[in-house]
Amino acid sequence: MQENISEKSGFVRLALGTGLTACGIAHLAKESGNRGLGTLFIAAGAMKVAEGIFLYCPMKALINSNVKQAVATTFEEYLDGDSIMNAYNEFYTEKWGSGTSPNSSGSNYSQNSSSQATGSSGGSVEKAASEVGQIVSNATQSDSLKNAATQAVKTAAGTNSGKQNK
């Protein structure tokens, strides 16, 4: 049995336990007193006196072991990285759906990027980049901005493909 409370806490428990025991005895000594309540005070007081003497609290030990076990399993669960990514993907899939764009302009770039996206393992990133490029090009009126957005998406998709193939 390892000590799990401080000496200061032990002294306080010893003093309070002695007081509870005395109150319980006084309660039992009265003729009109409730016998059940007096017995409860004596039992609780004796338990607190024992905790104060041995500097060990069984309830604190039980709570600490449960908390330590819960924290350890939580850290083990999330340190592997897979569960973090799964939780991240589930959250954003629920929030924004599967990533399909409701409006399609029929541009050649979106068809090309879709075929590239399904051909590589990083398809969801390339597909998302394609959709962003399509939305930006639909929203802008200037041809130079459309070309810049298209080029940026192609560069992002190509960089991602290059990293995943290595």
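Restricted to the stretch 47-166, the set of helices (runs of 4 or more DSSP H) holding at least 1 residues that are modelled with pLDDT of 65 or more comprises 58-79, 82-96, 123-139, 143-165.
Of all residues in the stretch 13-33, which are part of a helix (DSSP H, G or I), more than 14 Å from Ala43 (Cα to Cα) and modelled with pLDDT under 95?
If we filter the stretch 13-33 for residues that are part of a helix (DSSP H, G or I), which is where we start, we get 13-29.
Of the ones still in play, those that are also more than 14 Å from Ala43 (Cα to Cα) are 15, 29.
Selection gives Ala29 alone.
The values are calculated or read from the model by the stated rules, or taken from the named source; none is laboratory data. Keep in mind it's a predicted model, so treat the numbers as computed, not measured.
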